[in-house]
Amino acid sequence: MSLVDTTSRHLRLLTETIATVNSSLDLQEVLELVASKVAGALATDACFVYLYDERADELVLRATHGSRVEEMTRTPRMRPGEGITGVAAAERAPVMIAEQAHLDPRFKQFPNLPEDEYESILAVPIVARETLEGALNVRTRKPRAFTDAEIELLVAIASQVAQTIEHARLYERAQRRVAELEALARISEAVSESLYLEESLEAIVKTTMESLHATGAALVLEDGKIAWPEGRPGAYAVRLPLRWKRRQIGELVCDRDTLFSPDDEALLEAIAHHAAVALEHGRAVMRGVLAQEIHHRVKNNLQSVASLLRLQARAEHVDPRKALQDSVNRILAIAAVHEVLTEHREDDVDLGELVDRLRAMLVQGLVAGKDVTAELESVSLAGQRATALALVFTELFQNALEHGGDNVSVALQQRNGEVVLTIADDGAGIEGDRSGTGLSIVRALVHDELRGAFDLESGTGTRARVVFPV
């Protein structure tokens, strides 16, 4: 085959492989497609795809083609620099051995992975913007010296695959976060709606089992009494303290047959916090003191966050990293309202104080060198409406910082029974579609929650104006 024909074939294989891999955002599906398509593109007997776990500093085998890990055994793992594939990852360079690869001193043997039946190996790192995402290797049972063109093809595939893996990981985190927030929202709803401690504890335990795919869970009180057991013990267990005002009032125990990841443990910590709140809430009810307002706020906040994340997840043609950052800012805006309410122990929020907090947070987090001025009057607003205003301000101010000019101004005034929020910049004005997720959120909140009007003017700069009745 001529050089031109070979180059054309490799380009076609690269294009077809990446097109197939990019057809999904499900991380495991992406990795399995990589293993299958890479093995097919290079006509090899097997392909092994490792994903880099930054917390553990390990390469973890996540997908194979042509071979598989023995069932019910430990997943193969190696550190960068360990094994032939680990060396490729550590050195950010391909490693090729044409024959008897299992005799190479760098070879790492896994008892549940029959790699020693293969003669040749070609391993390459998977790197996205200088960040290690993983590594992959292809194997053949007969000796094979991969050509420079084949090595370059596999490096090119790995480079493109790295971007897909990065996006799939971001999507997976977003989906997991939505599921976690929905679980916490269900717990908060059960806690806030029930006046009976047993009902609240039952809801917490059952939601814990569903969210963590657990075999069993229980709440243990400080006197050692098991308040609500469910299910059965598993091979692994996590015990988390229930703390209330720096005092341990019990434990949350969760069992399952697989290891708990750091994300699982973080969710359990959040559930343990809600369990502690539920426990104290139930005890307060027994003493004749109703403390439902804080639970109502938490429930509403979590439901708002879950709704915003669902809306963001439905948006098309968006940068996953920016989508996540926008979602983080929306969550922080809701948290700021909750913080003000908690600090002042009142039902109303000073909008001037709230907007100033959000302004400082967003300027620090998004941009440097912008000249931001603010004229903020003290305006009192109920907590739920203040949350809507916080989200509206966050979207509009963030948009001004990202797309406006060097000067941004914010004004908050109260005139004739109405609140007027104005955000202006001296940029080039808005270009293109005005129906993005952020502006859709603004319009919906202004109309439905604030019962007001939203106006966006673009000419010499951009001016956003929100008017609603006090």
>> Between HIS102 and ALA374, what is 0.36 nm times their sequence separation minus the Cα-Cα distance? Round to one decimal in nm.
In response: 91.2 nm
>> On a 32 Å Cα-Cα criterion, which of the cross-link pairs LYS245/LYS370; LYS37/LYS108; LYS108/LYS206 come out too long?
In response: LYS245/LYS370; LYS108/LYS206
>> Please compute the contact order of segment 16-132 in relative form: average sequence separation of alpha-carbon pairs under 8 Å and at least six residues apart, divided by the residue count, as a percent.
In response: 18
>> Suppose each label sits 7 Å from its Cα in the direction of the beta carbon; what would the GLU130-SER159 distance come out to in nanometres?
In response: 1.6
>> Could you give the length gained by full extension between ALA43 and GLU199, i.e. 0.36 nm per residue of separation minus their alpha carbon distance, to one decimal place?
In response: 50.2 nm
>> If each residue of separation counts as 0.36 nm, what is the full-extension length gain between THR75 and ALA266 once their alpha-carbon separation is subtracted?
In response: 66.5 nm
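Bear in mind these aren't lab numbers, they're just calculated from the coordinates by the rules spelled out. Nothing here was measured: the structure is a model prediction, and the numbers come from that model. Counting neighbours? That spans all protein chains shown, and the Cβs are built from the backbone with ideal geometry, glycine included.
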